[in-house]
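The values are calculated or read from the model by the stated rules, or taken from the named source; none is laboratory data. What you are looking at is a predicted structure, and each value in this text was computed from that prediction instead of being measured. So basically every Cβ, Gly included, is an ideal-geometry build from the backbone, and we count neighbours across all protein chains shown.
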Amino acid sequence: MRELRSKSFIAAAVAGPALIVALPQIVEVYTIFNLSVYAILATLALSLGLVWGMGGILSFGQSAFFGLGGYAYAIAAINFAGSTPGLLAAVALPVVAAAVIGYFAFFGRISDVYFAVISLTVSLILYNLINSTSGAAYRIGDAPLGGYNGIPSVPPLNLPFAAAPLDFAGTFYAAALLLLVVYLGLRLLVNTRFGRVVVSVRENELRAELLGYDVRLYKLGVFCLGAAIAGLAGAFYAAWGSFIGPGVFSIGFAAQIIVWVLLGGLGTLIGPVLGCFIVQSLTAWLGEAEASNPSIVLGVLFLAAVMLVPKGLVPSLREWGRRLLGAGRAVPRERAP
Amino acid sequence: MFAEGGHIDTAILILVQVLYAVGSLFLIAVGLAIVFGMMGVINFAHGEFLMIGGFAFVLAVKAGVNFWVAMFVVAPLVVALIGVVVERLIIRHLYGRIVDTVLATWGLSLLFIGIASETLGYFQEGVAPPFGSVRIGAYQEGAYTFFVIGVALALLAALYVLLRYTPFGLIARGTMQNAAMAAALGTNVRAVYSITFGIGAAVSGLAGAVLAPIAGVLPVIGVTYIAKAFITVIVGGASPLAGTALASSLLGTINQAATFASTAVLGEVALLGAAIVLLRFLPAGITGRFLRGSV
Amino acid sequence: MILEARDLWRTFGGVAAVAGVDFALEEGELRCLIGANGAGKSTFFKMLTGQLAPSRGRIVLKGEDITGRPAFEIARRGVGIKTQVPSLFDGLTVAENLWLAARRAHGARRADAVTADLLGEIRLAARADDEVGTLSHGQRQWVELGMVLAGEPDLLLLDEPAAGMTADEVEATVALIKAMRGRRTLVIVEHDMHFIRRIAEKVTVFHRGRVLVEDTMDSILRNPEVRDAYLGQRAGGLDG
């Protein structure tokens, strides 16, 4: 496959692991703890970068799959002790949910904006649903759902067949590795036959169909894959903070994912990752400074992304770079980042 | 809940509560539907328009303004003004880019929530509903419930007359059908959009005010409205009034039936489930298939 | 008989765009469709390719009822369409566009080879790695034609294939159509009478959603009913 030989792919595949190994040796534990959650959220950003950026599906409620993954992990890990069943559940539940929603939406051929609204609504209603489950009556096995208080003491990650939980550095390695594997995997994916058809459906759904592709199946496939990645990220998130609460289903959380992808750049894979790191560091810094209300910050970033950098940072920077390097020289556009 | 009282009383009470569910759903959704049906814009800040309407009403009443003036004049006017400004500053630059409009108004929604939390605080504000209560056999029902149903009906009638029988309505419907043609005939399309958005905002402001005595207001209350409003508008389809009226009747009944059977939250889940199944068969909503071309 | 449409209707909110069309094609036939704008030709094509479901009537392809089947399924049964305005994957390159078409019809193994052949055939090998969105209108027409041909359809629908082409490109299109004659069944919608005269055998005239008349080109030109209904408005095109 050509992608395996591309310079940026090799660079990422070499520099990525090196960075992951080196970081815990150079920075403080506190920073490592924060970087872990950034990597987890960046994986979530990648899931939307895949579904929206590559597949053209406006999954504005990607938070629903992240949250379902987190809750599934928490419930399964509490009941079965150990994180492996939790991780399996965290992939299975979101994929089933995505398959059901996707079936009705794609096979009914509802328009893309309607889909955006429906998918966000799913997340909002899960928010209300989970919020209403406080009280001892709402429990699954040994796991109380906890309503608006969420589920505390979610078991941490452990390696399969090893009882000892991962420490801070171990969790960081796991989270960063997840991000790297998902990123490289998706880069390979968009260059496979499946990936190419997915991109072609984004470009022109009618033509893809007139060529004989069943676009509904491709959309369903990429949507479910995105849900699986988001669910896995949700599980890591719950394990990282030993906590999962209904906040992950809130409209603010859903908006945050959109801002990462939009600001970083739609149609690229590195964009959502960078967008996530930038926005999260910015909000963390503003939060420490207690400078302002997080809703206002996110709202302003959101508006700025749409009105001022509609293409996103990564594509805009690439364009400027090209102009600087050689005006007029035709540079073949990169297909996938 | 229905332990005492005759069957007829129970039936009447259930009917009233279903009508209330339908009426409030219509109120929540119709401002969004007007803007979507007439302009093709999905306003994600719609919930915050309702929130601002509620605050404008409650704060005006607390400042000594007459209850009805606050509800029917202050709240719609404040939100209409904000709507016109939003249209000028944001929506206008994004016409035809429906996804960008969704994203920009989503940002706006967060901004409104943030500003409201900073300036008005996180606490619930409220005004007691007037009128006292009405006896239905062995039951008591707040008279304000009937008022809400009445406002929904009156609003439906007023908007129908506006769109169907006034010169502005004709111009707006023409623009909705074919903006380029309307412009070629000398219509100031920008002004029509601006006014339409203003009307949608005013209606949302009124709805927020009417619901405030029951639901209370707080900066994040828009979020509780927005999911229902979206579903109703999408199930309704392109015709703002016929679609919203039909969809709120259908979904309001389903919602209330499921609420009786279980809890309010599961009522909402039923609402969403019904909508997703319905859209599988009517992807363009009810008025995408039936009553095409109605308002 | 490769295709048969029986009493086909399609209404849009009370207006019938296609109102009872009966249409039959023999295998290997080359048929031209003419008719004024709004006569129902494009709607008819959309029903044949599954983009629109008929309100009433039946479509039979190679003996099988395909009425209301989804577009991708009809495409897989060997129906290709070149749309009026080229419908392409604008953000992808010429080669990628062709590859996607070739892969569907020939499988992934042969897709690269077929793509290379097609690039030569449509004379765009030099621009293989350019995005389709950067091509001229005529070149886009060729890319779409190449994509449709990649599928090796038994039945090929061409909606205004010569529109927006230069004189040279029109010549090449005529040559291509003539070369395909007999090997594939072709239905061509075209407004350009010169173009039709050079290729047409049998012509079907659409008028107000129905088939007005079906005959040879020469008879059509002499038919007073056709003149009144359609050609009268385009007398210039006839005489030139």
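Evaluating residue A:214 against the criteria (1) in contact with a Pro (Cβ under 8 Å, 6 or more places away or on another chain); (2) within 14 Å of chain B (Cβ to nearest Cβ) leaves one unmet condition, (2). When residue B:215 is tested against (1) touching a Ser or Thr at 6+ places or on another chain (Cβ under 7 Å); (2) over 22 Å from residue B:96 (Cα atoms); (3) of a type in the set (A, V, I, L, M), just one condition goes unmet, and that condition is (1). Every test in (1) outside any helix (DSSP H, G or I); (2) closer than 30 Å to residue A:14 by Cβ; (3) touching a helix residue (DSSP H, G or I) at 6+ places or on another chain (Cβ under 6 Å) is passed by residue A:182 save one, and that test is (1). The condition of being within 16 Å of the chain's Cα centre (by Cα), hydrophobic (A, V, I, L, M, F, W, C) and farther than 16 Å from residue C:2 by Cα holds for only one of C:92, C:98, C:52, that being C:52. Checking A:20, A:32, A:10, A:40 one by one, the residue that is in contact with a Pro (Cβ under 8 Å, 6 or more places away or on another chain) and either among the β-branched types (Val, Ile, Thr) or over 28 Å from residue A:258 (Cβ atoms) (or both) is A:32 and no other.
Residues in segment B:203-250 that are within 14 Å of chain A (Cβ to nearest Cβ), on the phi > 0 side of the Ramachandran plot and in contact (Cβ under 8 Å) with a residue 60 or more places away in the chain: 0 in all.
Say we look at segment A:199-214 and pick out the residues that are over 11 Å from residue A:51 (Cβ atoms) and under 23 Å from the mean Cα position of the chain (by Cα); which of these is surrounded by the fewest Cβ atoms within 10 Å (Cβ to Cβ)? Spell out the reasoning first.
Looking only at segment A:199-214, we keep the residues that are over 11 Å from residue A:51 (Cβ atoms), and these are A:199-201, A:203-214.
From the residues that got through so far, the ones that are under 23 Å from the mean Cα position of the chain (by Cα) too are A:199-201, A:203.
Details: A:199: 26, A:200: 27, A:201: 25, A:203: 19.
Out of the qualifying residues, it is A:203.
Inclusion of residue A:213 among residues that are of a type outside the set (A, V, I, L, M) and touching a residue at least 40 places away in the same chain (Cβ under 8 Å) is not warranted. In segment A:220-256, of all residues being buried (at least 24 other Cβ atoms within 10 Å of the Cβ) and closer than 15 Å to residue A:55 by Cβ, the one that is nearest to the other protein chains (Cβ to nearest Cβ) corresponds to A:223.
Can you tell which of A:169, A:162 is assigned to a helix (DSSP H, G or I) and away from chain B (no Cβ under 14 Å)? So that I can check it myself, show each step before the final result.
Details: A:162 fails: assigned to a helix (DSSP H, G or I).
Being assigned to a helix (DSSP H, G or I) and away from chain B (no Cβ under 14 Å) holds for just one of A:169, A:162, which is A:169.
Screening residue C:103 with (1) surrounded by fewer than 21 Cβ atoms within 10 Å (Cβ to Cβ); (2) within 9 Å of chain A (Cβ to nearest Cβ); (3) basic (Lys, Arg) gives one miss only, at (1). Within segment B:255-276, the residues that satisfy the criterion of being in contact with a Gly (Cβ under 9 Å, 6 or more places away or on another chain) and surrounded by fewer than 19 Cβ atoms within 10 Å (Cβ to Cβ) are B:257, B:260, B:261. Those helices (runs of 4 or more DSSP H) of segment B:219-295 in which 3 or more residues are modelled with pLDDT of 85 or more occupy B:221-236, B:240-261, B:264-281. Of all residues in segment A:40-63, those being farther than 16 Å from residue A:95 by Cβ and not in a helix (DSSP H, G or I) number 3. Taken over segment C:182-202, residues that are in a strand (DSSP E or B) and under 14 Å from the mean Cα position of the chain (by Cα) amount to 6.
Each row is one residue, and each column tells you yes or no for (1) under 21 Å from the mean Cα position of the chain (by Cα); (2) within 14 Å of chain A (Cβ to nearest Cβ); (3) under 29 Å from residue B:160 (Cα atoms).
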position	(1), (2), (3)
B:36	yes, yes, yes
B:40	yes, yes, yes
B:59	yes, no, no
B:70	yes, no, yes
B:76	yes, no, yes
B:88	no, yes, yes
B:100	no, yes, no
B:118	no, yes, no
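Before we move on, is residue B:113 within 14 Å of chain A (Cβ to nearest Cβ) and either within 25 Å of residue A:252 (Cα to Cα) or part of a helix (DSSP H, G or I) (or both)? Judged against the criteria, residue B:113 is a match.
Considering every residue within segment A:133-140, establish whether at least one is surrounded by 17 or more Cβ atoms within 10 Å (Cβ to Cβ), within 14 Å of chain B (Cβ to nearest Cβ) and within 22 Å of the chain's Cα centre (by Cα). Within segment A:133-140, not a single residue is surrounded by 17 or more Cβ atoms within 10 Å (Cβ to Cβ), within 14 Å of chain B (Cβ to nearest Cβ) and within 22 Å of the chain's Cα centre (by Cα). Screening C:20, C:57, C:28, C:38 for residues that are surrounded by fewer than 17 Cβ atoms within 10 Å (Cβ to Cβ) and assigned to a strand (DSSP E or B) leaves exactly one candidate, C:20. For beta carbons closer than 9 Å, sequence separation of 6+ or different chains, a first residue in segment B:58-84 that is over 15 Å from residue B:125 (Cα atoms) and in contact (Cβ under 8 Å) with a residue 24 or more places away in the chain and a second that is part of a loop (DSSP other than H, G, I, E, B) and of a type in the set (Phe, Trp, Tyr), there are no qualifying pairs. In segment A:310-321 there is at least one residue that is away from every other protein chain (no Cβ under 12 Å), within 25 Å of residue B:108 (Cβ to Cβ) and among the polar types (S, T, N, Q).
Could you tell me which of the residues C:150, C:108, C:172 is surrounded by fewer than 21 Cβ atoms within 10 Å (Cβ to Cβ) and either farther than 21 Å from residue A:193 by Cβ or at pLDDT 85 or above (or both)? Let's see the steps before the verdict.
Numbers: C:150 fails: surrounded by fewer than 21 Cβ atoms within 10 Å (Cβ to Cβ); C:108 fails: either farther than 21 Å from residue A:193 by Cβ or at pLDDT 85 or above (or both).
Every option except C:172 fails the conditions.
Based on this model, can you work out whether residue B:274 counts as more than 10 Å from chain A (Cβ to nearest Cβ), more than 24 Å from residue B:161 (Cα to Cα) and over 20 Å from the mean Cα position of the chain (by Cα)? It is false that residue B:274 is more than 10 Å from chain A (Cβ to nearest Cβ), more than 24 Å from residue B:161 (Cα to Cα) and over 20 Å from the mean Cα position of the chain (by Cα).
If the condition is being small (Gly, Ala, Ser) and not in a helix (DSSP H, G or I), then segment A:207-244 contributes A:212, A:242.
Is it fair to say residue A:260 is touching a residue at least 24 places away in the same chain (Cβ under 8 Å), more than 11 Å from chain C (Cβ to nearest Cβ) and among the hydrophobic types (A, V, I, L, M, F, W, C)? Yes: the conditions hold for residue A:260.
Here the condition is being within 11 Å of chain A (Cβ to nearest Cβ), free of Cβ contacts under 8 Å to residues at least 60 places away in the same chain and not hydroxyl-bearing (Ser, Thr, Tyr); of C:117, C:129, it holds for C:129 alone. Before we move on, is residue A:267 at pLDDT below 95, touching a helix residue (DSSP H, G or I) at 6+ places or on another chain (Cβ under 7 Å), farther than 18 Å from residue C:91 by Cα and within 14 Å of chain C (Cβ to nearest Cβ)? Against the criterion (at pLDDT below 95, touching a helix residue (DSSP H, G or I) at 6+ places or on another chain (Cβ under 7 Å), farther than 18 Å from residue C:91 by Cα and within 14 Å of chain C (Cβ to nearest Cβ)), residue A:267 does not qualify. For segment A:88-121, name all the residues that are in contact (Cβ under 8 Å) with a residue 24 or more places away in the chain, at the interface with chain B (Cβ under 9 Å from one of its Cβ atoms) and either under 17 Å from the mean Cα position of the chain (by Cα) or farther than 23 Å from residue A:228 by Cα (or both). A:116, A:120 - these are the residues of segment A:88-121 that are in contact (Cβ under 8 Å) with a residue 24 or more places away in the chain, at the interface with chain B (Cβ under 9 Å from one of its Cβ atoms) and either under 17 Å from the mean Cα position of the chain (by Cα) or farther than 23 Å from residue A:228 by Cα (or both).
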